[in-house]
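Chemist: One structure, as structure tokens, below. Some questions next.
The values are calculated or read from the model by the stated rules, or taken from the named source; none is laboratory data. What you see is a predicted model; the values in this text were computed from it and never measured. Cβ atoms come from the backbone with ideal geometry, glycine included; neighbour counts cover every protein chain shown.
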Amino acid sequence: AVGPAVTVSTVTGTAETAARLAARVPGAAAEGMEGFGVATAARQFGLPVLELRAISNPVGPRDRAAWRIGEALDALAAAGAVLQEVLE
């Protein structure tokens, strides 16, 4: 999926919160907490930054049985393997 990521200060654990985020940022493909802090620190030091995310679970009610962490890590490893080629 391609789309903006919503920066949040905590995970979204309810359908109501997910709906509010979706209304605030139409087309959002993901939520994230860590990337903003990394980007802010990089900017303060004048460094470039790139965030590459692999999504293991959908936004909304936390159903840990539906999480696909292994698949997300595999996708991240595959993307990382070609990252240098993409950046050139």
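Listed here are the residues, each with its yes/no results for (1) modelled with pLDDT of 90 or more; (2) under 14 Å from the mean Cα position of the chain (by Cα).
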position: Ala22; (1), (2): no, no
position: Gly27; (1), (2): no, yes
position: Gly35; (1), (2): no, yes
position: Leu50; (1), (2): no, yes
position: Ala78; (1), (2): yes, no
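Condition check ((1) polar (S, T, N, Q); (2) free of Cβ contacts under 8 Å to residues at least 12 places away in the same chain) across all residues:
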| site | (1), (2) |
| --- | --- |
| Glu16 | no, yes |
| Val25 | no, no |
| Ser56 | yes, no |
| Ile69 | no, no |
| Leu73 | no, no |
| Val82 | no, yes |
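Chemist: Looking at Val25, Val49, which is the one that is closer than 15 Å to Pro4 by Cα and β-branched (Val, Ile, Thr)?
Modeler: Val25
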